[in-house]
Amino acid sequence: MDQKQNPRGKVPSFPSIGRATAASRVTAASKPKAATHVESHEKRHHGKFATAINCMDGRVQVPVINWLKENLGVDYVDMITEPGPDKLLAEGDTRALNSIKARVLISVNKHGSDTILVAAHDDCAGNPVSRAQHETDVRQSVIRIQSWKLPVKRVLGAWIGDDWKVEIIEASR
Ligand SMILES: [Zn+2]
């Protein structure tokens, strides 16, 4: 590949993103209106967001998005994908946790998401265990996410069976 074709100079650098974030925080802090915080998020982004921590498996994206839209009335789902995320969250590898948490925080803080759903599914290549073990892992995942003490209304744990239907097996708050 010809590297000269890569327009690297046009890609925003992380420091510039960091400055933009810091500036918007200062603006937000100058008008502390906590009561309308969520509403302002919805207005600014033209919709209500939820957060899904889902498997990277292509079969489970649409079912999770549709379930959240149909059952919680959300407009958009921020999708955080990993192979077998229930295993990662249950086992608690620091690097994996930090990566997932950083993405959840963007969804919660920048999009005002008030719901986090973690899903496990049948025939998962990333976490090839029994349904019973998946359910244990999902429950541990919900406990893990709760321990982050995020300003959300609910943390849900879901199982997606071989019919690709979303079933809530754990709910908190
Ligand atoms: Zn999977």
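A crude spin-label estimate for the pair Asp162 and Asp123, with each label 7 Å from Cα along the Cβ direction, gives 0.8 nm.
Among rounded, prolate and oblate, which fits region 65-120 when a ≥ b ≥ c are the square roots of the eigenvalues of its C-alpha gyration tensor, a/c under 1.5 means rounded, and a/b larger than b/c means prolate? Note, shape of region 65-120 comes out oblate. Annotation: per residue accessible area for region 82-137 equals 44 Å², rounded to a whole number [probe 1.4 Å, protein chains only]. Of all aspartates and glutamates in the structure, those lying under 14 Å Cα to Cα from Lys43, and not within fewer than 8 positions of it along the same chain, are Asp75. Under 1.5 on a/c is rounded, so check that first for region 130-173, then, if it is not, pick prolate when a/b is larger than b/c and oblate when it is not; a ≥ b ≥ c are the square roots of the alpha carbon gyration tensor eigenvalues. It comes out oblate by the Cα gyration axes. Tell me whether region 64-173 comes out rounded, prolate or oblate; compute the Cα gyration tensor, take square roots of the eigenvalues as a ≥ b ≥ c, and use a/c under 1.5 as the rounded threshold. It is oblate, given that a/c is not under 1.5 and a/b is not larger than b/c.
The values are calculated or read from the model by the stated rules, or taken from the named source; none is laboratory data. Fair warning: this is a prediction, and the values are worked out from it, not measured in the lab. Quick reminder, even Gly has a Cβ in these numbers, built from the backbone with ideal geometry, and neighbours come from all protein chains shown. In case anyone asks, the SASA skips ligands and DNA or RNA and just uses the protein heavy atoms, side chains included. Shrake-Rupley method; radii C 1.70, N 1.55, O 1.52, S 1.80 Å.
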